[in-house]
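Worksheet: the structure to be examined is printed underneath.
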Amino acid sequence: MDFKMKYQYTYFIYPYVIEEKKYRNYIYQLLKNSNCKLKLFDRKKDVGVDTYFLPELKEKMFWSLEKKPSEIKELESMDKKMQATIISQQPCNMFEYTLEGDVPGKIGEAGGIFFDITKVEIICFNTGVCFLMLKTALTENQNFSDVLNFNYKFRDINSKAEHSKQYETIKIQTGKLNNMQAFADFVKKIAGHNLKAKQINLDTDRLITYSYVCLNQASWNENTDINLLEKQFEKYRTVKPAREQTEDALLKEAYTYREKYLYYGFSNNTTVLLTCDNNIKNYTTLPFQFENEQLYHFIFNLYKKIYLKKLNYEFQKNEQFELVKKEFLSFAKKEWIYEVTYDEIGKILEKYYAEEQILQTTFHKLKQKYDLLYKDYEIGRNKESNKWIIAIMIIMIIINVASIIFVASR
C-alpha cells in the first residue's frame, strides 16, 4: 500500500563558509549578479516572521524589518559597492536567486521522478557562514514513496562517493539542470570551492534535507494502518528509500514530535513534517509557516552549529588568540543565549533542533578548550611581562651601580 499526497515540497540546504576578509566582496558579487536580489522584509508583508521571532533574533536575521521605507529607498539608490559596504556590516543578509531559463535536459534517464526547482535562496551571516537553499517539488508523482526516493537520491547529488545499486536505480529528472555536473557547477558558482568548510570538518557532500508532505485524508484517517505509516515516516525522517528493508523501522519517539495527523521528525541533517488534510490548517497555513519562520529557525540553529565548528578550528590554530577570544565571548553573550520565540510549536522545535545539532555538548567542549587556551595565554603573557620586569630591574641596577661608581670616583 502507498499513501497519496495532497501537497509536498523539500528544501535542500548546502552550507558553505566565506573567509571573513572576503565577505564584503562576496556580498558585492551577489549584488552585481543580475539573477540575484537582496531579500528585504517588512512588517506588513512578513507578519509571520515579525510575530514568531523575539527582538534579538529579528535584529540579527531580519534587520530590514526595522527600516523605514525611506531608508530602504535610500539604500536601493546607492551603487552596488556602497550597498555591499553597508549591508555587509549587518549580522545577516538574504538573497533570492532566479535560475536561468529551463534547459532541454534532465538529471537521470527517461522516466523516473519528475521535479521542479521552484525557489533558490542564499542566506549569509557576517561571520562568513552561508547557506544555499533550493526548494524542490515533484511535478507528476503523487505517492509518498516518490518523496522518500526523491529525497534519498537528491540529497547526495553533490557527492562523489560510491552509491548502492538501489541508489542508482532511482531516476529523477528536471528541466532546470541537464545533468548532475550542471548542479555541481551551479553550487560552485554560488559557493566557490568551499575550502573553509573542509577545514572546519563540515560535511558538504550530503545536502541537508528539510521536507514537508501533506497526505490526503483517504490515505491517513482513523482506519489507516498506523504501524505501516510510521515505518514509512521513519524512512522519511532518516532519508531512506521507500523499498529499504529495515529490521528496526519503528517510530523513534525521541526524535519525533506528534499531534493528531501531524508528525515532526528530526535528525542531525534532517527536519521533516508529515501531515494530513483532515485538518485544514495542515495544508493552508502550516506549509507556509514551515518554509518561512520555522525554516529560518532551523537555519539559525544550523548557523550556531557551524559557527562553533569555525571557532573550534580557529582555537586549534592557536593564532591571534585575542581576536578569537573576542569572537567567542561575543557569541557566548549574544547568539548562544538568545531566546528565539514564544510560539508554542517554536519552543518545541527549539528543543529538538538544539538536541539534534548537539549544540550544548559542542559549546561546552569549546568552552573547556577556551579555558585551557586562556590559561596558557595568560601564563605566556605573564612570563613575557616578567621578562620585561626583570630586564628593567637589571637595567636599573646597572644604572644605580654605575652612578655609585661614578660618584665614588669623584
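The values are calculated or read from the model by the stated rules, or taken from the named source; none is laboratory data. A quick note: this is a predicted structure, and the numbers were derived from the prediction, not measured. Cβ coordinates were reconstructed from backbone atoms using ideal geometry, including for glycine residues, and neighbour counts include every protein chain displayed.
Some observations on this one:
- Some residue of the stretch 6-13 being modelled with pLDDT of 95 or more and either in a loop (DSSP other than H, G, I, E, B) or over 30 Å from ASN227 (Cα atoms) (or both): yes
- Helices (runs of 4 or more DSSP H) within the stretch 14-129 that include 2 or more residues among the charged types (D, E, K, R): 23-32, 55-61, 69-77, 80-87
- Entirely in the stretch 251-348, the strands (runs of 3 or more DSSP E) that have 1 or more residues that are buried (at least 19 other Cβ atoms within 10 Å of the Cβ): 262-267, 270-276
- Any hit, the stretch 94-115, residues being surrounded by fewer than 19 Cβ atoms within 10 Å (Cβ to Cβ), within 30 Å of GLU327 (Cβ to Cβ) and modelled with pLDDT of 95 or more: yes
- Selection status of LYS231, under 30 Å from ASN158 (Cα atoms) and without any contact (Cβ under 8 Å) to a residue 40 or more places away in the chain: yes
- In the stretch 8-20, the condition of being in contact (Cβ under 8 Å) with a residue 60 or more places away in the chain, in contact with a Phe, Trp or Tyr (Cβ under 8 Å, 6 or more places away or on another chain), surrounded by fewer than 17 Cβ atoms within 10 Å (Cβ to Cβ) and more than 15 Å from CYS92 (Cβ to Cβ) is met by no residue.
- The conditions of being in contact (Cβ under 8 Å) with a residue 60 or more places away in the chain, closer than 27 Å to MET133 by Cβ and charged (D, E, K, R) are not met by LYS252.
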